[in-house]
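Some notes on the structure that comes next.
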Amino acid sequence: MAKKSAVSIILASASPRRKKLLTEAGYKFRVVSSDIDESAFTVEGIDSCEYARQLALAKARNAAQKFPDSLVIGADTVVDFDGEIIGKPFNEKHAEQITRKLFSKPHKVITGVAIVRLSDKTEIVESDTTVVHPKKLTEKQIANHIKGKSWQGKAGAYGIQETGDEFVERIEGSLTNVMGFPMELVERLLKRFID
């Protein structure tokens with residue numbers, strides 16, 4: 001059932017997972033992709049949470065330029081492995097390197113969430129962190145994962161919704177955060193604007 005709201009909401013993300021999670025939670029919204037250049041943001045000398053928040057805010061601000069009266073939600077997910085920021089893999093070789101690294105010990109999945117509305121200067125940015133305890137993968141599992149290409153476009157080269165039981169022992173924190181959109185945090189932030 002859709003949540004009643006006079007507030008116009010825009011999701012500044014082309015991610016099908018984010019769209020699905022927000023739809024399942026009952027929100028009415030439009031999807032408007034942000035066109036920021038993520039490579040312009042340096043990962044050097046910056047905390048993973050701060051990096052995810054910066055990107056989420058940049059995405060929300062970018063889309064908000066065209067829709068100043070709407071609440072624009074931006075999000076960005078990164079994986080933190082011992083303080084190293086791991087983003088999306090460039091190719092199969094990179095995906096395999098990431099997979100071997102991440103599935104050797106626990107890592108953090110961090111999603112920055114920003115809500116921007118230019119008309120009243122609203123700007124809220126927060127982040128959520130989930131610790132993922134991986135299973136030890138066999139060579140065959142790694143090879144099948146790389147061949148299956150489900151790693152494409154995903155921070156950390158995996159999607160828990162596709163590989164969860166096979167790859168993950170347990171998580172500490174929000175499951176939807178590991179999927180790229182911490183709904184508990186998103187709903188708490190949206191409650192400030194929606195009755």
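Before moving on, here are some points about what is shown:
- Linear extension gain, Leu175 paired with Lys135, 0.36 nm per residue minus alpha-carbon span: 12.8 nm
- Cβ-Cβ FRET estimate between Thr122 and Ala143, R0 fixed at 41 Å, reported to 0.05: 0.30
- GluC sites (Glu not before Pro) restricted to DSSP loop in the range 1-71 with at most 14 other C-beta within 10 Å: Glu44
- FRET efficiency, Lys66 to Lys28 (Cβ-Cβ, R0 22 Å, nearest 0.05): 0.75
- Linear extension gain, Ile46 paired with Ser104, 0.36 nm per residue minus alpha-carbon span: 18.5 nm
- The order of Lys59, Lys88, going from fewest to most other C-beta atoms within 10 Å of their C-beta, is Lys88, Lys59.
- Within straight-line cross-link reach of Lys93, lysines at Cα separation under 19 Å, skipping those fewer than 8 residues along the same chain: Lys101, Lys140, Lys147, Lys149, Lys154
- Fluctuation leader among Val168, Val79, Val113 - the chain, Gaussian network, Cα springs under 10 angstrom: Val168
- Counting every other Cβ atom within 10 Å of each residue's Cβ, Glu126, Glu166 order from fewest to most as Glu166, Glu126.
- Distance from the range 89-127 to the range 132-157 (C-alpha centre basis), Å: 17
- Residue exposure proxy: Leu102, Leu71, ordered by other Cβ atoms within 10 angstrom of their Cβ from fewest to most, comes out as Leu102, Leu71.
The numbers here are math on the coordinates, done by the rules we state, and not lab data. No experiment lies behind these values; they were computed from the predicted model shown. Here Cβ is always computed from backbone atoms with ideal geometry, including for glycine, and neighbour counts include all displayed protein chains.
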